1. How do the peptides A:347-355, B:395-403, A:207-215, A:376-384 rank, highest first, by the average count of neighbouring beta carbon atoms within 10 Å per residue?
2. Distance between the C-alpha centers of segment A:82-135 and segment A:308-343? Whole Å please.
3. Ranked by Cβ crowding within 10 angstrom, fewest neighbours first, how are B:74, B:81 ordered?
4. With θ set to phi - 60°, apply the Karplus curve 6.51 cos²θ - 1.76 cosθ + 1.60 along segment B:256-268 and write out the HN-Hα couplings as whole Hz, x wherever there is a Gly or Pro.
5. Taking only Cα atoms and a 10 Å spring cutoff, compute GNM fluctuations for chain B and point out the largest among B:293, B:112, B:156.
6. Quick one: of the DSSP bridges fully inside chain A, what percent are antiparallel, nearest 5?
7. List the residue ranges in chain A for DSSP H helices whose C-alpha atoms run 18 angstrom or more along the long axis and whose Kyte-Doolittle average is 0.0 or above.
8. Distance from the Cα centre of segment A:50-80 to that of segment A:457-506, in angstrom?
Amino acid sequence: MKLELRAITKRFGSFTANDAVDLVVEPGEIHGLLGENGAGKTTLMNVLYGLYQPDEGEILIDDVPVTFKGPGHAMSAGIGMVHQHFMLIPVFTVTENVMLGHEQTTPGGFLNRRRAGREVAAISKRYGLEVPPDALVADLPVGVQQRVEILKALSRDARLLVLDEPTAVLTPQETDELITVMRALRDGGTSIVFISHKLREVREVADKITVLRRGAVVGTAEPGASQSELASMMVGRPVQLTVDKEPAQPADVVLQVDGVSVVDPNGVVLVDNVSFAVRGGEIYALAGVQGNGQTELTEALVGLTTPTRGTIAITGRNIGKLSTDEILDIGVGYVPEDRLHDGLVGQFSVAENLVLDHFDRPPYGSRGSLNLRAIADNAAVRVQEFDVRPANGLAGASTLSGGNQQKVVLAREMSRPLKLLIVAQPTRGLDVGSMEFVHRRIVAERDRGTAIVLISTELDEVLGLADRIAVMYRGRIQGEVPVGTPAAQIGMLMAGSTSAEAAAGTTSLSKGAVAAPGAAGVL
Amino acid sequence: MTYQGTAPASAAEEMLPEAKPGPARRLVDAIRYGNSVVLTLLAMLCALLVGAIMIVIADPPTRSAMGYFFSSPWDTFTRGWHAISAGYVALFEGSVFNPDSLYSNGHTPIFGPISNTLLNAAPLILGGLAVGVAFRAGLFNIGVQGQLIMGAICAGYVGFAFRLPPLLHLLAALLAGVIGGAVWGGIAGWLKARTGAHEVISTIMMNYLALGLLNYLLGISGFQAPGSNQAISRSVHGTARLPHLLGPNLSLHLGIVIALLAALGCWWLLTRSTLGFSLRAVGANPSAARTAGMKIERSYVVVMLISGGLAGLVGCSQILGTNHALTGDIDAGFGFDAITVALLGQASPRGTIFAGLLFGAFRAGGVVMVANTGIPADVVLVIEAVIVLFLAAPALIRAIFRLRESRGGGVGVGQLAKGWNA
């Protein structure tokens with residue numbers, strides 16, 4: 001199916017989300033749509049999917065102009081969408097999820113599960129999308145759930161598939177598998193719009209790349225274009241993709257974790273006998289796929305969770321009995337992985353958020369009373385130093401973009417003298433420009449002698465920043481590897497192989513993952 | 001009505017350097033986009049219109065004129081207009097100012113209506129603050145009724161059971177009332193902190209407990225007025241009563257001053273104190289507050305103590321100022337009107353004062369309206385309810401008056417009406 005968007009313009013009040021965007025997707029083409037957060041990629045796709053009506057411009061399918069009044073309309077025209085957040089019902093089986101919305105019934109009015117099951121099997125066979133048809137979706141790994149989403153779209157005869165940031169939740173191996181699936185679909189004649197801000201993947205899989213910036217198309221590129229070319233197109237200025245840093249100068253041990261386990265009330269072991277030590281002046285990275293115990297381990301480090309077993313010592317002091325407040329007081333900075341949920345109070349102003357964990361200490365608060373002047377002065381300084389935009393301490397935190405919100409959290413945590421900084425997913429959802437900034441600040445904090453624990457699911461980020469790397473899998477530290485370990489080997493650890501297997505098995509991996517270590521960038 | 005903390009988003013908007021419009025421009029924008037003051041006024045207008053329809057329907061002469069509407073439509077309009085104007089004039093005369101009082105040689109005091117309005121406003125403001133402060137800390141205190149009853153019982157008991165020197169007695173009774181309400185509210189906060197029991201459920205249940213306790217106490221000796229077989233307690237001694245402000249003939253007492261001081265205190269608490277900062281942070285985002293090292297369980301207990309204490313002051317105003325003796329209906333509906341006042345006041349101290357004055361005026365004027373015109377008192381309740389309903393659904397007002405969608409957010413009535421979990 002050929003899709004053409006002509007001069008699509010979509011405005012929200014005075015804000016133009018899409019400004020005369022042209023996009024042509026040829027039949028059987030994988031079209032990469034590249035852009036920073038807020039560049040208008042999702043808006044454009046929502047226009048295509050009938051969720052928004054364009055203010056100007058038209059949509060042509062196979063050279064025929066169409067208007068979509070809603071997603072149902074777009075679906076029947078052959079457009080399928082796989083959202084970043086899956087629209088699946090966890091307690092239903094794969095077959096039930098696929099048939100949902102266009103259920104077929106037997107004459108008695110019963111669901112025809114058998115026929116649906118056959119259809120699922122047929123489609124999954126045709127495109128090599130392996131799924132267990134009778135398994136509950138809740139029991140499946142994220143990568144397989146995503147395949148179910150794709151199947152769902154294909155079962156409705158989608159001839160153009162929109163994948164919105166599909167790799168954000170996947171392991172490197174799952175990403176490789178997805179890429180294989182995408183190629184199989186393309187060879188079968190399905191057109192694919194692949195939305196991403198990860199340059200490497202887009203370059204690897206796309207046949208053609210369109211770059212959006214601030215709602216407008218800034219250019220198209222061939223997959224042969226270099227990463228830095230694409231990055232500067234996205235950001236609008238030259239970007240440095242790798243982090244410049246000197247070798248680490250490790251000092252004394254700041255954080256000592258010994259045999260820590262966290263068991264949830266249901267008896268599920270979330271963190272399993274983890275031990276490590278981090279010295280001042282080094283970045284210790286905990287890599288791993290989301291949901292392998294990193295979150296719980298981090299929470300234990302700052303006293304938000306009490307470990308079931310084991311001890312944690314910061315600068316030699318056991319923190320077992322300390323409250324979060326007291327732990328932060330030792331000189332611990334904490335950037336939580338979900339900044340809107342745990343890092344910021346959205347309704348508070350930037351200035352208030354900048355003192356969220358030391359508002360009751362001089363000069364911000366004394367004898368029960370806030371010093372609003374000091375809070376405002378602090379905001380003015382931090383906003384300048386961390387280049388928060390808008391540079392206005394009174395702005396509500398929830399009105400800021402993701403990158404600027406993250407800068408506020410970083411600015412707050414780094415505005416105190418630190419001994420230990422724990423940063424979880426520091427660049428999740430950030431655009432290239434903000435990433436660069438955040439990485440530079442983390443390295444600068446390291447060079448000041450602070451011990452840094454970096455928790456990240458982004459392999460490139462880990463490779464770019466870390467001085468030592470540990471991989472977490474199912475609550476355990478699967479292996480600790482030095483810097484310079486090939487990405488593929490770390491990827492295998494993330495997928496559960498032991499260190500020895502990973503070291504031996506790197507050659508069997510696909511080209512994409514092996515190619516990565518050469519580009520030890522952060523994107 | 002945007003002060004720091006309530007709506008940083010909209011406040012920020014006005015202060016962006018590139019967008020610093022003059023006062024006229026801001027007024028126009030306020031009307032076009034409908035800021036909270038404009039929306040409130042429009043909601044009141046709508047409510048008065050709905051009330052007018054009710055008055056017309058309830059008015060017998062107008063109804064009979066409707067019977068022959070097509071032969072003489074003018075009758076319906078003149079009678080309807082007469083009923084509406086008589087009703088709203090009575091409402092005004094009962095709550096603000098009655099021109100007749102100028103020529104009555106002192107039989108009807110000039111400040112009578114205002115006195116009644118402020119008399120009713122005091123408990124409404126205090127109760128509204130109780131709900132509002134709790135709301136800002138993320139809790140929905142439905143238990144003002146129970147807390148004010150406990151406050152009234154404690155204040156009343158100290159007031160009639162002890163004999164103390166004048167000022168000391170009043171202070172002791174006030175303190176007892178505050179403690180009574182604070183403990184009753186604090187229990188709900190403690191239950192939430194320790195067991196996770198939802199405060200809406202627990203405070204409602206505590207209301208029943210307080211009512212039951214009150215009714216029991218009104219039947220036992222020591223509480224019940226001697227020689228009476230009615231459910232009424234002994235009277236508070238003169239030494240423990242709140243002094244009258246406008247002479248002995250007008251019922252206005254010191255309660256309104258206490259209410260205004262309490263509002264000032266709440267304003268300081270919420271915007272200027274470290275405690276208020278953490279309470280607000282817990283209210284707006286408990287996870288982030290916890291991550292920043294605040295103790296959210298403690299915050300729940302503390303805010304319910306404060307909220308209950310304010311509710312206890314409502315009880316004090318009732319028992320030490322207005323009534324002097326406990327009866328089964330000592331709460332006089334203030335417990336639940338407090339929620340409405342807090343809604344209208346957007347959980348801000350300043351807004352709560354205005355909302356309390358408005359609803360106090362409705363209460364005072366409603367009595368006169370019923371007496372003078374025979375319009376059912378329910379009309380006033382309907383007007384109050386419609387104001388809040390419209391404000392809870394600002395989209396409705398925007399649609400009716402074709403206002404534009406405002407940019408930016410903040411805690412509004414909408415948020416309060418939806419609750420935090422919505």
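1. Working: A:347-355: 26.6, B:395-403: 13.9, A:207-215: 20.8, A:376-384: 17.9.
Result, highest mean Cβ count within 10 Å first: A:347-355, A:207-215, A:376-384, B:395-403.
2. Answer, in whole Å: 45.
3. Details: B:74 9, B:81 13.
Fewest to most other Cβ atoms nearby, the residues stand as B:74, B:81.
4. So the Karplus estimates, Gly and Pro as x, are 5, 5, 4, 4, 5, 5, 5, 5, 4, x, 5, 4, 4 Hz.
5. Looking only at B:293, B:112, B:156, the biggest GNM fluctuation is shown by B:293.
6. Values: 45 of 82 bridges.
Among the beta bridges of chain A, antiparallel pairing accounts for roughly 55 percent.
7. Values: long enough: A:113-127 (21 Å, -1.22); A:142-155 (20 Å, 0.46); A:172-187 (23 Å, -0.59); A:372-385 (20 Å, 0.06); A:432-447 (23 Å, -0.30).
Correct list, ordered by number: A:142-155, A:372-385.
8. 44
We did not get these values from a lab; they are worked out from the coordinates using the rules stated. These numbers come from a predicted model, not from an experiment. Glycine also receives a Cβ, built like all others from the backbone with ideal geometry; neighbour counts cover every protein chain displayed.
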